[in-house]
Structures are given as structure tokens and as C-alpha cells.
1. Condition check: part of a loop (DSSP other than H, G, I, E, B) and more than 22 Å from Asp68 (Cα to Cα). Does Pro235 satisfy that?
2. Can you tell me which of (1) buried (at least 17 other Cβ atoms within 10 Å of the Cβ); (2) modelled with pLDDT under 95 is the one Asp18 doesn't meet?
3. Within the range 400-423, is there a residue that is surrounded by fewer than 16 Cβ atoms within 10 Å (Cβ to Cβ) and over 19 Å from Glu472 (Cα atoms)?
4. Note down all Cβ pairs under 6 Å where the first residue falls in the range 290-313 and is at pLDDT below 85, the second is acidic (Asp, Glu), and they're at least six residues apart or on different chains.
5. Only one of Gly318, Gly312, Gly222 is part of a helix (DSSP H, G or I) and surrounded by fewer than 19 Cβ atoms within 10 Å (Cβ to Cβ); which?
6. Please determine, by comparing only the residues of the range 181-208 that are under 12 Å from the mean Cα position of the chain (by Cα) and assigned to a helix (DSSP H, G or I), which one is surrounded by the most Cβ atoms within 10 Å (Cβ to Cβ).
7. Which residues, taken from the range 369-428, are in a loop (DSSP other than H, G, I, E, B), modelled with pLDDT of 90 or more and touching a Ser or Thr at 6+ places or on another chain (Cβ under 7 Å)?
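The values are calculated or read from the model by the stated rules, or taken from the named source; none is laboratory data. Predicted model only: the values in this text are computed from it and were never measured. Cβ coordinates were reconstructed from backbone atoms using ideal geometry, including for glycine residues, and neighbour counts include every protein chain displayed.
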Amino acid sequence: MPEFSLIEQPWLRARLGDSRVEPLGLADVLARAGEITEIVVDLPTQFPALLRQVLLPVVVDALGAPADRRAWAERFGQGAFTEDEKEKINAYLHTYRERFDLFHPETPFGQVAGLRTAKDETKGSGLLVATQATGNNVPLFSSRSEADPPPLTPAEAALWLLHAHCWDTAAIKTGVVGDPKVKSGKTTGNPTGPLGQLGVVVPIGRTLYETLLLNIPIGVQGRLGAPQWTRSIGPAWETRTAQGLLDLWTWQSRRIRLIPEQTADGPRVCQVIVAAGDRLAATPDWEPHTAWRVDRPAKKSAKPGPLRHTPGKAIWRGLNALLAVEASDTASFKTSELLDQVNGLLADELIDERYPLRAETFGMVYGNQSAIVEDVLHDLLPVPIAALRADGDVRDVVLDTAEQAEQLAHAVNRLSDDLRRAAGLDPIPWDRGQRPGERLLYLLDPVVRRLLHGLREVTDAQTLDRGVLGWELTAHRLALQVADSIHATVPESVFAGREVRKPDGTKEAAYPLGVAEDTFRRKVDRILPRAAEHRRRLPPTGEEDT
């Protein structure tokens, strides 16, 4: 089988500034990082796997991490790698050239050469593909069966290889020769890949170069360690702690072997072996790509735990965690090290508060004891850097906006409950069906995102006030729109209301239509005080939401 060099072969699809997508090898991607706006992938969760398993460790191991904020700012301001840096990166890649060959007979990238089972069995390549049906993992919209493995091109196989190391499902894995922990041809108790245990948060810049810099922690020279391609890895595995950042990023959570074959269309991977790999003893508290939950009250010795994303919940609804840049004894959350780092750069005036920073979030929802993939979570949110100031007005507006949206959803749900009781019906259970508050949050989603995008350009209090008023007026209009749809679903009999019986047997009059409506509108006015004041100032013939 001919070599497939990840350094030279065009296995990455790079979107350039003019929106063209060009296939490039690793060396060219890094050389042109200042021109590239995005790496195009088949599944969103492939990007953080590529970032951590290849791009970041190559750059950091070849060039080192910035020693302090000023050194970081100087590199960031370059906008691209210098010629000297490119030469160092190329020299580094040349040193490890054989290690970046996907099909090398002795050191295939991210794999174990000669990995085999006692009976020389293999499985279909779909085992690597999160969206492919294999064993108990049967995605809802899979178009292939386990008996019809996808013929992966080398480029596709490389990306899914990285993805498996980061996100693979848990439970039973194939037992292989050379693994002393194999029992009855298998290993049990395997956790998911390390990213599957996190709510991944990745700061995103205008170009790939800026994204790389935004994802390199400052001042970590003493805890870098070494990436996986600098050492030999066999079929045996162990439970251990990460020996530095580069070890964590390139963690080999599985022992894998890609089995290529020549076809009329070129080399394809249809069969693989995926066995147990190293297990993290614990997620280190210096893991840079996650926010943290801090249980309070807690012992001083207690450590925060990684904060996972909530399925079906837009990331802006968790801004209190994303913007938790200053930990305190009463804090429930702590933001990621990388966003906290941006806050420090802002404080030192080393990054413009109008810089168009985005936060891209990734997560995996597993089911059946984490043995199957149920859903992939992905979101991309504009982040006003000024909102990272712990005592800033923009921060207050951002957090207030998210809280107002939640309160409006609760008010709409309460209106629905009152009208359903008045009609002799039970309220919609919170865990069944779609409650009207969720419809409102769906309508508010693009409005919140536009506000966050606009806040990145705000430089004065007057503009900030106009933005807040615009948000509140739009939110008020949408809340009434959803309320009207609720009214349309109830019969005329709710005008007078009905008596309902409490669990203790006593009677309570259900809210009649007028009372329910009045209560709802008063709640909305309390939640959106600027919109309420604006409407009070309108002349009698004025429109409400202008």
C-alpha cells in the first residue's frame, strides 16, 4: 500500500477568504492559515478532534506556547505564521514525517501497526463513523446497514480516526493480541472518548491562524508534555493521568488499525479494528476546552467538574457559565481557561474589545449506557469581548437578556397552564410535548444572536441603550404573538373560568380569561421594563412596538 502522508496529501478541505474550498495537506494548511477562514468537515465534532489531535499540538510543539500575554499579542497581531515560523513547522514535520503516514507499515498515524484479534477478525469501517449503523449504534437517519460498510477515502478515514479517539462510544470493545486485560475476546468498562465527557467550547477567530492562537494557553511551557507521535504505542493500554497539554490533546483513547485496500477508485478503508485505549484517570482541571460547574457550598479541596451542554438548549441560554470569568466562593460556574485568557488580554488592552470573537460549542449525547450516539450538539455564538469584563455594562446586558428570555418563556407557560385549567384540562407536562415557552425561545433565538452580534461594536452608553430597547420591544411583540396562539386553542368557556380541586381536596377557582391575560401582561411588563416604559410614553394613537 503506498504511503498517504497527512503532511502533503490534500486531506483537509480549507475554505479561503473568497469562499473557495480547496483541498490541502497539513503543511499547506498551516502555511496558509492566515488565508483560511474555516476547515470544512462532514460532522461538526470532527473539527475539535482535528484541532486537538493535529493542528494545535504540531504548532505548539514546533513553536512553543507564548510565555506571557504580550508575547501572545505579538504573535496574534502577525495575522499569519512568519517565514521563520513556517520553516520551523516544516522542519518539525520533516522530523516526524514517517509518523504522519496514515498507512505506514510500522508507525501508522494514530494507530497500532499489526493490531489484530486472536482470530484475525475485523469490523466494517462504519465502526469509526458516528452517524453510521454498527452493532447497537443505529442512528435514526442512517442510510447504510452494518453489512454495508462505507468505503472511506484516506482523507475521510483520517478524520474519522481522529474523531474516534475523541468521541467514541463506551462499553465493550474488541479484544486484541498483546492486551493483557482482554477477557473472553473483549474489554469492558471502556469510557467514551475524552471529549464525550465535556461540553467543548472553542474560541473562533476570523481566520484559522487566529483560531489557533486563541486556543493556545499562555504560559504553559512547564506542562506541555509530548504528543502521541513522539512515542511508541502498542496494543496494551492503561488508566493514567495526562502528562501535559500535548498528551491530553493527542490522547489515544482507543487502539485502532485502519485496513486499506486498493480499488478501482484508489485506496479505500472498508475494514478496521477498534480496541480499548488509554483511560483518563480524571479530566484535569487545566483542560482548556470546557467550562466548569462548581458545586456550592463545597469543601475548599473540592475540584470543579466539566460542564456539559444541555440537549435542545441554545448556548446563549447558558451565558452565565460562558461569561463566568471571575470565580468566587459563591460562584456556580467557571468559564473555560481560554475565554478567561481573552478577558486577561482585554484587561491589559492587548485585544480590541470590538474583535469579532465567536464561541463554537460541541457535545455528544450518548444513550444505552453511552454505547450509542443519540445526538450531536453544535452551536456557534458571537461573543462581545466587552461582556467578559466582570463589572462592565455590556456583560450586564448580555446576562439580563438571557434571563429575560427565560422569564418570558416561563410567563408564557404559566398563561398556558392557567387557560388549560380554566378549560378543564391539565397543564402540559414539562417533560412531554412542546410547551409554548419553547416556541417563544425558538422565536427569540435569532433576536438574541443579532443583539450579541451588534454588542460587539458598541462603544457608548447611548448605543447600548438603543440596542436594549430594541431587544425588549421585539421580545415583547413575540411574547404577545405566542400568547395569541395560546388563546386561539382554548374554547370560549374559559372566559369565566372553572373551579379546580387541589391535591388536598380544597377548591380553587381557575383563572378566567381576563385575569389570566392581565396577570400575563403584568409579568411581561415587569420582565421588560424599558419596553413597558416606552409604550407608556407613546401617544394614544401610536403603534405599540415601533
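1. yes
2. Failed condition: (1).
3. no
4. So the pair list comes out as Lys303/Asp285.
5. The unique qualifying residue is Gly222.
6. Going through the qualifying residues, I end up with Leu195.
7. Passing the criteria: Ser370, Ala371.
Table: residues versus (1) touching a residue at least 24 places away in the same chain (Cβ under 8 Å); (2) within 23 Å of Arg13 (Cα to Cα); (3) in a helix (DSSP H, G or I); (4) over 22 Å from the mean Cα position of the chain (by Cα).
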{"residue": "Gly34", "(1), (2), (3), (4)": "yes, yes, no, yes"}
{"residue": "Glu38", "(1), (2), (3), (4)": "yes, yes, no, no"}
{"residue": "Asp42", "(1), (2), (3), (4)": "yes, yes, no, no"}
{"residue": "Phe47", "(1), (2), (3), (4)": "yes, yes, yes, no"}
{"residue": "Leu50", "(1), (2), (3), (4)": "yes, yes, yes, no"}
{"residue": "Leu55", "(1), (2), (3), (4)": "yes, yes, yes, no"}
{"residue": "Ala67", "(1), (2), (3), (4)": "yes, no, no, yes"}
{"residue": "Arg70", "(1), (2), (3), (4)": "yes, no, yes, yes"}
{"residue": "Glu74", "(1), (2), (3), (4)": "no, no, yes, yes"}
